[in-house]
Amino acid sequence: MTVLKKKVAFCDKRKITVPSGGFQEDSVAMEVQHPKRWNLESPSRYLARVSVYEGEKKVDEYDTPFGIRTIEFTHDNGFLLNGHRVQIKEGVCNHHDLGALGAAVSEAALRRQIKILQSFGCNAIRTSHNPPAPELLTLADKMGMLVMDEAFDCWQYGKKEYDYGH
């Protein structure tokens, strides 16, 4: 896992007025010159930090880690990550639990599980039928593991009268 520590893009403070109890949407665009792209061997990640000020006083801050990568599925070359063909080697259809440990999330157990899968040559996890724990997605991103985040196992035709297939 590569941790980048220098500032690679910056946006000047912008004044946005939000009424009490209200909502305001805004966006900024920044360019990272010569980004280190996230890939399976070197999952480089960046951090977007948003700070909220009331006058000159910082009242909130929110960090969003992310990787810079391109993903493409092609007819002739299959899956391309950053323009390079990658054979997806899915070793598991991962339900929401950790086997004998149960459904409680343990980051150490998830990390161990991913390391074991990688030692088998697996580079992808399919999360079967349930939204995955955010901790799993974060660790996969940090450790260079692809994830097919499958929320449901039925779309058009459900198994039960009121499930997600309707």
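The values are calculated or read from the model by the stated rules, or taken from the named source; none is laboratory data. Fair warning: this is a prediction, and the values are worked out from it, not measured in the lab. As a convention, Cβ positions derive from the backbone with ideal geometry for all residues, glycine included, and neighbour counts pool all protein chains shown. To get the accessible areas, we keep the full protein, side chains included, count just its heavy atoms, and leave off ligands, DNA and RNA. Shrake-Rupley method; radii C 1.70, N 1.55, O 1.52, S 1.80 Å.
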*Scan the range 79-94 for residues that are surrounded by 14 or more Cβ atoms within 10 Å (Cβ to Cβ) and without any contact (Cβ under 8 Å) to a residue 24 or more places away in the chain and jot them down.*
F79, L80
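Which of the residues that make up the range 1-58 are outside any loop (DSSP other than H, G, I, E, B), open to solvent by less than 60 Å² (accessible area, probe 1.4 Å) and within 30 Å of K115 (Cα to Cα)?
Start the filter on the range 1-58 by keeping residues that are outside any loop (DSSP other than H, G, I, E, B), which leaves 3, 38, 43, 45-54, 57-58.
From what is left, the residues that are open to solvent by less than 60 Å² (accessible area, probe 1.4 Å) are 38, 43, 45-46, 48, 51.
Listed by number, the residues that qualify are W38, P43, R45, Y46, A48.
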*asked:* Among (1) open to solvent by 40 Å² or more (accessible area, probe 1.4 Å); (2) touching a Leu at 6+ places or on another chain (Cβ under 9 Å); (3) touching a residue at least 24 places away in the same chain (Cβ under 8 Å), there is one condition D149 misses while meeting the rest; what is its number?
replied: (3)
_For the range 15-33, check the following and say yes or no: at least one residue is within 16 Å of D141 (Cβ to Cβ) and either among the β-branched types (V, I, T) or free of Cβ contacts under 8 Å to residues at least 40 places away in the same chain (or both)._
no
_Quick check on the range 107-135: of everything there that is at pLDDT below 90 and assigned to a loop (DSSP other than H, G, I, E, B), which residue is most open to solvent (accessible area, probe 1.4 Å)?_
P131
